Amino acid sequence: MLDLMTVQEAAELLGIHKVSVYQAIRDGRLPCVTVFGRKVVSRSDVLAYKARTEEIGPKGGRPHRQKAPETGAKNPVGRPRKHPRPEESKEKRPPGRPRKKSEGKGSK
């Protein structure tokens with residue numbers, strides 16, 4: 001007989017949030033069956049999923065972002081600008097028009 005568990009029980013067994021279990025089901029990484037409108041998963045599938053994901057680690061296998069060597073740029077990490085700013089546009093532009101002094105409700 002199948003040993004079925006609810007999504008909440010599977011999340012507790014895996015040590016993750018139940019939303020993460022729903023995401024794994026939606027992505028097809030964890031098979032499930034719908035019983036009376038509720039998603040249930042087999043204990044053997046949950047244990048197999050746990051064994052597969054333990055080797056990845058707690059961060060879910062996200063790659064680490066490597067810092068680029070210092071090049072003197074403002075932002076050394078990431079892509080360079082597609083269209084670098086021209087030298088003349090680095091100057092500070094003049095301020096806008098000064099505000100007009102209004103004679104409104106409160107001033108007499």
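Filter region 22-58 down to residues that are part of a loop (DSSP other than H, G, I, E, B) and of a type in the set (A, V, I, L, M, F, W, C) and give me whichever is surrounded by the most Cβ atoms within 10 Å (Cβ to Cβ). Talk me through it step by step, then tell me what you get.
From region 22-58, those part of a loop (DSSP other than H, G, I, E, B) are 28-32, 36-37, 55-58; that's our starting set.
Checking the rest, the ones that are also of a type in the set (A, V, I, L, M, F, W, C) come to 30, 32, 36, 56.
On the way: L30: 24, C32: 19, F36: 5, I56: 10.
The qualifying residue surrounded by the most Cβ atoms within 10 Å (Cβ to Cβ) is L30.
Exactly one condition in (1) surrounded by 10 or more Cβ atoms within 10 Å (Cβ to Cβ); (2) modelled with pLDDT of 90 or more is false for A73; which is it?
For A73, the failing item is (2).
When you go through (1) at pLDDT below 70; (2) part of a loop (DSSP other than H, G, I, E, B); (3) surrounded by fewer than 10 Cβ atoms within 10 Å (Cβ to Cβ) one by one for G96, which number turns out not to apply?
Among (1) at pLDDT below 70; (2) part of a loop (DSSP other than H, G, I, E, B); (3) surrounded by fewer than 10 Cβ atoms within 10 Å (Cβ to Cβ), the lone unmet condition for G96 is (1).
Among all residue pairs at least 6 apart or on different chains, which show Cβ distances below 8 Å where the first residue, located in region 1-30, is modelled with pLDDT under 95 and the second is assigned to a helix (DSSP H, G or I) and of a type in the set (D, E)?
If the second residue must be assigned to a helix (DSSP H, G or I) and of a type in the set (D, E), the pairs left are L30/D45.
The values are calculated or read from the model by the stated rules, or taken from the named source; none is laboratory data. This structure is a prediction, so every number in the text was calculated from the model and none was measured. Heads up, the Cβs are rebuilt from the backbone with ideal geometry, glycines too, and the neighbour counts pull from every protein chain shown.
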